[in-house]
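Written below as structure tokens is the structure these notes are about.
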Amino acid sequence: MADSIRLQVSRYRPEEGSAPTLQEYDVPLRKEWSVLDGLNYVKDHLDSTLSYRWSCRMGICGSCGMSVNGTPELTCGTFLADLAPGPVRVEPMRNFPVVRDLVVDIGDFMDKLPRVKPWIIRDDEPEPDGEYLQTPEELDEYKQFSMCINCMLCYSACPVYGLDPDFIGPAAIALAERYDLDSRDRGARERLDVLIEHEGVWGCTFVGECTTVCPKHVDPAGAIQRYKLKAAKESVKAFLLPRGAR
Amino acid sequence: MTVSHDVLLVGGGGAGLRAAIAIAEANPRLRVAVVSKVYPMRSHTVSAEGGAAGAIAADDSLDEHAYDTVSGSDWLCDQDAVEAFVDEAPRELLQLEHWGCPWSREPDGHVAVRAFGGMKKMRTWFAADKTGFHMLHTLFQTSLKYDEVVRYDEWFVTKLLVDDGRVHGVVAVDLMTGRVETITAKAVILCTGGCGKVFPFTTNASISTGDGMALAYRAGAPLKDMEFVQYHPTGLPFTGILITEAARAEGGWMLNKDGYRYLQDYDLGTPSPTPVLRSMELGPRDRLSQAFVHEVEKGRVTDSPWGPIVHLDLRHLGQQLIDTKLPFVRELCLKYENIDPVTELIPVRPVVHYMMGGVHTDIDGATPIGGLYAAGEVACVSINGANRLGSNSLPECLVFGARAGRAAAEYAATAGDPPAAIEAQAADEVRRLERDLLHKTDGHEQVSVIREEMQQTVEDSAGIFRTGEALAKGVDTLRELQQRFGHVAVADTSRTFNTELVAALELENMLDVAECIVQSGLWREESRGAHQRTDFPARDDERYLAHSLIHRNPDESSRLDSLPVTITRWPPGERTYGK
Ligand SMILES: Cc1cc2nc3c(=O)[nH]c(=O)nc-3n(C[C@H](O)[C@H](O)[C@H](O)COP(=O)(O)OP(=O)(O)OC[C@H]3O[C@@H](n4cnc5c(N)ncnc54)[C@H](O)[C@@H]3O)c2cc1C
Ligand code: SF4
Ligand code: FES
């Protein structure tokens, strides 16, 4: 194994107005080092002005998504040795406005999140003294969809979101499905109304890129598919029945 | 620009979000805001793995949870706080259940509990081994339901505005634009988490830099019990990534280089094939980490490029148990160590994990500064004393987050508007940031260099075993580093998402926190829990059955005094495990 590897890192400062440029840095190539370790080496030893987000370095906080050699990845879980001999191109995630260097603006997702009502909705009955019973099988129904770390890799990979920013997007739909499938929840109806309206689920053309890139195996494409089915059934019903009877 | 709120939360982790919801529910008319240097769901709570303690099992009782906590703390906690804590923890965990937290279940649908270190009964609720992740996302998503909770995501608080013994708001940098803003508030709750990053090797995320401790300390609130730092016995050797105690609770063994379960040599009980509560691998963390150091001295550990290690053996648990109860452990080992715990031993070494000390508060989270509260890891109530029991801190965030929220809501409802003096203070802070950091032209010290030296200094002086001599030397070195920080250069002159500015501000905070840890360690001339002085090897209840309080003097030096421990029902006794 060579003892160093070249990173080609996208640099952009809005004050300077011009388009992003690639800057090259050689960092040590160590078998344990992730791409994030490489960036931290740059920041601490070569160029303190590089900006990027990270926090947990263990694939759970969802901060460190970037485009690595063109693929959306968690940089704390992508290893330099697997990309040797390099060079390794590190760029901001696609489909988002770039704020600075490797930092993108995910404000659009943060605004969309509350729209799918990602909380338990119950009728007005008082909360019980004990827990709502939920068997392990009932938990398994929604568990996969509850694993999303909001890393935004799926938005970055989604061709539909790239073209139509009104599309509510994979992770938000997966989250709606997570609550719909939770045996404690009664809010499926309200969420469906939201997702049928707006650009909800209809934009998706089932490319499935979101599921491919998801580091947590959430399968947002599966969630979208399920929602489309529900929505299709609903619109048939809506067509046949007056609103009150639904 | 100045914006104003009634109650301001600094921090959007487990404690901050729980407090925000408590306020919104207590008084929907209050204008609540959460300021956080990262998006709330990125907060460090997300990394917590093992679980959250709350006595619910039929064979369990609040008294037993209290006794385990008190003895685990080596009698340094306040027992009134512990009693409130164990009483409210199950209710808080249930509340989270009602909000949708995917707790692991028994076949009949009831919430399942697991064993945890230092606990005599099974009482730790868990969501597989991603408990903190699920709790944090549940809290965050639930908080979205409350329109009255306003958020300032990716804003970094640099100063508390205090006048005449009362807090009136904060100054913060909006990272996206680089604007420095004043946010006034009638009450402020610090929920900024821990400070693991003052050490070189830690389980903590990069954001755990003790900001809230430093903010409070500089504003005149004392920090309590700062000498008590928890080392977790099982971190992955290079990254410091935590292998949760749940791995031992499910039956994992600690082995030295001879494949021997060495804990039996350290007064922690005798080995049995299945886990025994409060015994061997399920002993408390301070004792397990200390046992590791003794094994190193005896030459019974394995060398690795990252220093000596021992092994955690899960192989006998089998793939099915590992995949259902410990899937994240397997994922982390495969990814970061390239080993599969189903068939291979996991290399581990002790790693800095948790700060028992923090901002001095009462049982409602109130600090000595009017309107200023603290909750979560930043605070010291204290339920953790000299050693926290695993799985007590997530419920601590909930119980004391909610308590501080309610208390702050009450305070804010009657407090007046901020005095004019605040504006001048805020303007001073803006000038300081511009002059000392952003526009400084003559700096020559580098943030990363000072940070590394600080971390090494703290480890060398305030590690698992300490001496007066090393601690005194640590204080001197830290003072020098503080001086050198005065000449720090921020090469990045951009206003937009300037992470070098953030790193400098965090370093400034850590230097203060580091000094408090080392100074408090020097003050305490005894050995108790996580604070082990080889020059004072015994516990000394005569002189030190008391909290340390470190205050900042106006000339920036520090001063220590102490506060008696509150004892209600459990007089100091000997800590026994494995019996
Ligand atoms: C790997 C790991 C595993 C753990 N597992 C367990 C477990 O199984 N059970 C258990 O009980 N405990 C566990 N703990 C401990 C527990 O997770 C923490 O003590 C707890 O989550 C702390 O929560 P918090 O709300 O106090 O702070 P955090 O979650 O750390 O949140 C701090 C918040 O403050 C904000 N903030 C900080 N500084 C500033 C600033 N200057 N300006 C603006 N905002 C700021 C941050 O953005 C963040 O939102 C674990 C800890 C670690 C490291
Ligand atoms: S669904 Fe997967 S890829 Fe998308 S945000 Fe969630 S974790 Fe990331
Ligand atoms: S740094 Fe947290 S997911 Fe990578």
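For this structure, a couple of remarks:
- Verdict on B:S71 being in contact (Cβ under 8 Å) with a residue 60 or more places away in the chain and within 16 Å of ligand 3 (Cβ to nearest atom): no
- One residue stands out among those in region B:162-178 that are of a type outside the set (V, I, T) and within 14 Å of another protein chain (Cβ to nearest Cβ): the one that is most open to solvent (accessible area, probe 1.4 Å), which is B:M176.
- Residue within region A:41-63 that is away from chain B (no Cβ under 11 Å) and touching a residue at least 60 places away in the same chain (Cβ under 8 Å) present: no
- Across region A:64-83, not a single residue is classified as open to solvent by 30 Å² or more (accessible area, probe 1.4 Å), in contact (Cβ under 8 Å) with a residue 12 or more places away in the chain and within 16 Å of ligand 1 (Cβ to nearest atom).
- The set of residues in region B:11-50 being among the β-branched types (V, I, T) and either assigned to a helix (DSSP H, G or I) or open to solvent by 10 Å² or more (accessible area, probe 1.4 Å) (or both) consists of B:I21, B:I23, B:V38, B:T45, B:V46.
- Region A:118-134, residues that are of a type outside the set (A, V, I, L, M, F, W, C) and either more than 8 Å from chain B (Cβ to nearest Cβ) or without any contact (Cβ under 8 Å) to a residue 40 or more places away in the chain (or both): A:R122, A:D123, A:D124, A:E125, A:P126, A:E127, A:P128, A:D129, A:G130, A:E131
- Residue match in region B:137-150 (condition: in contact (Cβ under 8 Å) with a residue 12 or more places away in the chain and away from chain A (no Cβ under 14 Å)): no
- B:G235 being under 21 Å from the mean Cα position of the chain (by Cα), within 14 Å of chain A (Cβ to nearest Cβ) and away from ligand 3 (no atom under 16 Å from the Cβ): yes
- Among the residues of this structure, B:F126 does not count as one that is within 13 Å of chain A (Cβ to nearest Cβ), within 16 Å of ligand 2 (Cβ to nearest atom) and modelled with pLDDT of 95 or more.
- Residue in region A:208-217 that is modelled with pLDDT under 65 and either touching a Lys or Arg at 6+ places or on another chain (Cβ under 7 Å) or open to solvent by less than 50 Å² (accessible area, probe 1.4 Å) (or both) present: no
- In region B:198-236, residue nearest to ligand 2 (Cβ to nearest atom) [restricted to those that are surrounded by fewer than 24 Cβ atoms within 10 Å (Cβ to Cβ) and assigned to a loop (DSSP other than H, G, I, E, B)]: B:S206
- Single residue of region B:51-65 satisfying the filter (over 26 Å from the mean Cα position of the chain (by Cα) and of a type in the set (A, V, I, L, M, F, W, C)) that is farthest from ligand 2 (Cβ to nearest atom): B:A58
- Residue within region B:150-161 that is open to solvent by 10 Å² or more (accessible area, probe 1.4 Å) and over 24 Å from the mean Cα position of the chain (by Cα) present: yes
- Residue within region A:139-149 that is within 14 Å of chain B (Cβ to nearest Cβ), within 16 Å of ligand 1 (Cβ to nearest atom) and either modelled with pLDDT of 95 or more or touching a Ser or Thr at 6+ places or on another chain (Cβ under 6 Å) (or both) present: yes
- Scanning region A:39-91 for residues that are of a type in the set (S, T, N, Q) and either more than 25 Å from B:D129 (Cα to Cα) or not assigned by TED's automatic domain parsing to the domain that holds A:P14 (or both) yields A:N40, A:S48, A:T49, A:S51, A:S67, A:N69, A:T71.
The values are calculated or read from the model by the stated rules, or taken from the named source; none is laboratory data. Because the structure is predicted, anything quoted here is derived from the model rather than measured. Glycine gets a Cβ as well: all are built from the backbone with ideal geometry, and neighbour counts include every protein chain shown. Calculation scope for accessible area: heavy atoms of the full protein, side chains included, ligands and nucleic acids excluded. Shrake-Rupley method; radii C 1.70, N 1.55, O 1.52, S 1.80 Å.
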